Amino acid sequence: MAEIIGRKLGMTQFFKEDGKVVPVTLVELDSNNLEIKEGEKIKVSGVSKGKGFQGVVKRHGFSGMPASHGHKGMERAPGSIGQRFPQHTLKGMRMAGHMGAKKTTIRNLEVAKIDKENNVMAIKGAVPGRKGTFLKIIKFNEG
């Protein structure tokens, strides 16, 4: 299994011969001995961007309460978090809390280009993390 450690440099775009724009992420590689070739499918693992403490609307996509018809100051509240019995909050209840900064894997990405002189790989699409995040790039085996 081919596994490479790289550092995210940022995003840019390439233009194909037919004029279509391809968004790519540039990744600086640590070594020059590449088992991964251009056009191959890969999966990329890294730590996602941290968002801090977020409410239920942003963190879990709750719709919130209506802005009128009797609601005052409760537009982004989660609503009920339990019932009379069993008199405690059940496990798995979606609530406000820390969001992001977790290990994430994006599968089925494609290697657009490899620059062996500068040790840079261009990956089609977005990968997890901010600029400077260390990424693990693995050859993607379907099945």
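Values computed for the structure shown
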quantity	calculated
Positions within the stretch 2-32 being farther than 11 Å from Ile123 by Cβ, surrounded by 13 or more Cβ atoms within 10 Å (Cβ to Cβ) and of a type in the set (Lys, Arg), in sequence order	Arg7
Strands (runs of 3 or more DSSP E) (entirely within the stretch 11-56) containing at least 2 residues that are more than 30 Å from Arg94 (Cβ to Cβ) and under 22 Å from the mean Cα position of the chain (by Cα)	21-29, 41-47
Of the criteria (1) within 21 Å of Asp30 (Cα to Cα); (2) more than 14 Å from the chain's Cα centre (by Cα); (3) at pLDDT 95 or above; (4) exposed (fewer than 12 other Cβ atoms within 10 Å of the Cβ), which one Gly61 fails	(1)
Selection count, the stretch 88-143, where residues are part of a strand (DSSP E or B) and of a type outside the set (Gly, Ala, Ser)	24
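Residues are listed down the side, and each one gets a yes or a no for (1) without any contact (Cβ under 8 Å) to a residue 24 or more places away in the chain; (2) under 21 Å from Ile138 (Cβ atoms):
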site: Lys16; (1), (2): yes, no
site: Leu34; (1), (2): no, yes
site: Glu38; (1), (2): no, yes
site: Val44; (1), (2): no, yes
site: Ala96; (1), (2): no, no
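The values are calculated or read from the model by the stated rules, or taken from the named source; none is laboratory data. Just so you know, these numbers come straight off a predicted model, no measurement behind them. So basically every Cβ, Gly included, is an ideal-geometry build from the backbone, and we count neighbours across all protein chains shown.
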